[in-house]
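Derivation of every value follows stated rules applied to the coordinates shown; laboratory data play no part. Predicted model, so just to flag it, every value in this text is computed and none were measured. Cβ atoms come from the backbone with ideal geometry, glycine included; neighbour counts cover every protein chain shown.
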């Protein structure tokens, strides 16, 4: 770094970088490690405390004066394309391809960059992801069709929330309530649908399985405050979704009643691979992955699901997730070493295929209502084991194949 770069410039870049990483959904221990690496390169002694709702920077100048910066923030949303661009920007700065002033301007451009896929493609992706999840659950074609349509309804609420803070506060429970109302009405002329499962599929984009897994990963990394905050936030989102769904079903039953469920024919096993393909493609769109990185992200879904499928007959379903997470972690770290990009770009896409967020919802329903949405015995202990297996699998993978990137 040229000596002409002032402390003020360096401080501004580090703070802008920290805000950007948080906005793009980077978890706390990766953000702190990356910021520490950048601060060391810039020749600044620094300390960082990152949580889902606050950023704290302590920077020390040449005269050993402390400069503190604390800001309250909202939890970020995953934007893996911007994360990749930010990582490349840091590489360009460290290699001398950009000056510090140019890097500051570029990070502002990345920070304010709009969704590269546009609203139309994103709208379709919401419906396709809900349909793909229903397909992955091996229910019926009826469930897949209606889940897809209701997923489109959910996307309308998401777009509305982007323009209204009032809607944002009620996004999860209202979306679940409306989906439950509509599903209750649908059962009157299509009794071949599993109503609770269709509702779950429709709101699957809100189910915080990934947040729970990342929170546990942060706890495993001894980032206790951040991990606890992320887990509690995920649990509250889950409660809001479940309350909205239960209220919607109750109101729907009062208005037009609910027809008796007629068991349809189950879907063939080969549809699972179709579901993983569709789900991986929709995740690329919703996480805003760059088009040149998209094929790697889609492959991560196959790696995670395929390894789990191969290991399950020998290790059981819960420990099969360990094999899936281990294979995914190794693949992600190899991707990072080969492409010189953050591990998170492909790891998070594959992890969504594995996380048992839906099982947490199903277990919550079984505990409260006493009714099973699917024939899944011991779902509570099974879900807990899967979460532990995922965290352990990623830890073992990081020991086996180290990533060159801190993100």
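Modelled label positions at residue 339 and residue 36, each set 7 Å beyond Cα in the direction of Cβ, lie 2.7 nm from each other.
The simple spin-label model puts a point 7 Å past each Cα toward its Cβ; for residue 401 and residue 274 those points are separated by 3.1 nm.
Here the calculated FRET efficiency for residue 68 and residue 168, from their Cβ-Cβ distance with R0 = 45 Å, stands at 0.90, rounded to the nearest 0.05.
The long axis of helix 118-136 is offset from the longest Cα principal axis of the chain by roughly 50 degrees. Taking the C-alpha atoms only, the angle from helix 294-315 to the longest principal axis of the chain is near 60 degrees. Geometric descriptor of the chain, per residue, is 135 Å³ (volume of the convex hull of the Cα atoms). Taking the chain as a Gaussian network of alpha-carbon nodes connected by springs under 10 Å, the highest mean-square fluctuation of the residues 124, 58, 330 belongs to 58.
Summary of packing: across the peptides 130-142, 343-355, 306-318, the per-residue average of other C-beta atoms within 10 Å ranks them, highest first, as 343-355, 130-142, 306-318. Within the range 183-198, which residues have the backbone N less than 13 Å from the label spot 7 Å out from residue 251 along Cα→beta-carbon, could you tell me? From the range 183-198, the list is 183-185. Summary of the geometry: the range 285-320 and the range 1-78, compared by the centres of their Cα atoms, lie 33 Å apart.
From most to least packed by mean Cβ count within 10 Å, the peptides 30-37, 93-100 give 30-37, 93-100.
Approximating the spin labels as points 7 Å out from Cα along Cα→Cβ, the residue 115-to-residue 315 distance works out to 3.5 nm.
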